[in-house]
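The values are calculated or read from the model by the stated rules, or taken from the named source; none is laboratory data. Computed from a predicted structure; not experimentally measured. Ideal geometry is used to build each Cβ from the backbone, glycine not excepted, and the neighbour counts take in all protein chains shown. All accessible areas refer to the heavy atoms of the entire protein, side chains included, with ligands and DNA or RNA removed. Shrake-Rupley method; radii C 1.70, N 1.55, O 1.52, S 1.80 Å.
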Amino acid sequence: MDIDELRTFVEVADAKGISAAARRLGISKSIVSRRLARLEAELGVQLLARSTRGAALTEAGALFSEHAARVCAELDIAEETIRPEGDLRGRLRIAAPLSFGPTHLARVIADMARRHPRLHLDTSYSDRFVDLIAEGFDCAIRFGYLPNSNLLARRVGPLFGQLVASPDYIASHGQPETPCELVDHEALMQGTEAWLLTDGDETVSIHPRGRFKADNGTALVAAAVAGLGIAYLPDALTKAHLASGALVPVLTDYPPPQAGVYVVRPPGQHSSRKVRVLTEMLIECFEGP
């Protein structure tokens, strides 16, 4: 049985369709269809029920997919076991934030590609919170505070942030003295998130309000510099503007609790060596000078 055909079928079953699987694999739908047809011919059973609306697993296909997925996973583990120090190969799909990715992560990912010339790296930069399992990502790099989920996470570095605003905004609206006063100010937000601040040993959760929202940290920095309100941002995005005086710190007696940089991956018994190597390189990057 051809392993490429088996892996293709597993990808189709996981992606719930030929088109989605083809996008994940980076090949055409016709190649996927041919591999599936050959696999069905070898097995002598129909694995997919095809229609004008797409393809769905047959009863036999659903049963076979469970065994096929385990076989492919065991082969991956076996290959990594006998070649633990060799070049990485295959494909690694990474989801990374647009606000930080190109400036803080891209060089690490590029260095990984340089060290492992047989590895195919596919990185999607977006501040959208992607579904790793549904969209076929091997891992994601996320900043901030992780929500509860079934994903497995490894912290690779710290993340510091603070509240900031422009001097013009403070001159016009005043300086808030306590976290509770933030509800009387224009907040620059990504959505309906809560802002976490520390008050001594306690963590205070504030639900601010504002008319300006953006799903990108760089856009929120621009809005803060323009005097539109108070923003809750990581130091990496505001450092230059604080140094120039375009932004000033707000509520410095109530700093946000330390956040983190994480590599998260779908649940499973085995973390691929590709993800482990990326994780180690990121730890080295964030721990460096």
Which listed residue, of R50, R83, R23, R35, is farther than 20 Å from L121 by Cα and either hydrophobic (A, V, I, L, M, F, W, C) or modelled with pLDDT under 90 (or both): R50
Whichever residue in the stretch 134-155 is aliphatic (A, V, I, L, M) and part of a loop (DSSP other than H, G, I, E, B) and, among such residues, is least open to solvent (accessible area, probe 1.4 Å): L151
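Going through D131, D138 one at a time, which residue ends up being in contact with a Lys or Arg (Cβ under 7 Å, 6 or more places away or on another chain), of a type in the set (D, E) and modelled with pLDDT under 90?
Unique residue meeting the criteria: D138.
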Among (1) touching a residue at least 40 places away in the same chain (Cβ under 8 Å); (2) farther than 19 Å from E5 by Cβ; (3) among the β-branched types (V, I, T) - the single one T123 does not satisfy: (1)
All positions within the stretch 213-231 that are open to solvent by 50 Å² or more (accessible area, probe 1.4 Å), in contact with a helix residue (DSSP H, G or I) (Cβ under 9 Å, 6 or more places away or on another chain) and not in a loop (DSSP other than H, G, I, E, B): K213, T218, V225
Identity of the residue in the stretch 232-265, among the β-branched types (V, I, T) and over 25 Å from L132 (Cα atoms), that ends up surrounded by the most Cβ atoms within 10 Å (Cβ to Cβ): T238
Residue in the stretch 156-170 that is within 26 Å of V10 (Cα to Cα) and either open to solvent by less than 50 Å² (accessible area, probe 1.4 Å) or touching a strand residue (DSSP E or B) at 6+ places or on another chain (Cβ under 6 Å) (or both) present: no
Meets criteria (out of contact with any Leu (no Cβ under 6 Å at 6 or more places or on another chain), in a helix (DSSP H, G or I) and acidic (D, E)) for E193: no
Unmet requirement for Y125, which otherwise passes all of (1) of a type outside the set (A, V, I, L, M); (2) at pLDDT 80 or above; (3) open to solvent by less than 50 Å² (accessible area, probe 1.4 Å): (3)
Where a residue in the stretch 202-216 is among the acidic types (D, E) and its partner, wherever it lies, is assigned to a loop (DSSP other than H, G, I, E, B) and exposed (fewer than 15 other Cβ atoms within 10 Å of the Cβ), with Cβ under 8 Å and at least six apart: D215/R128; D215/G191
Qualifying residues in the stretch 196-208 (those that are touching a Leu at 6+ places or on another chain (Cβ under 9 Å) and part of a strand (DSSP E or B)) - the one most open to solvent (accessible area, probe 1.4 Å): T203
Residues that are out of contact with any Cys (no Cβ under 8 Å at 6 or more places or on another chain) and β-branched (V, I, T), drawn from the stretch 191-210: T192, T198, T203, V204
Helices (runs of 4 or more DSSP H) wholly inside the stretch 10-105 that include at least 3 residues being surrounded by fewer than 16 Cβ atoms within 10 Å (Cβ to Cβ): 29-43, 59-82
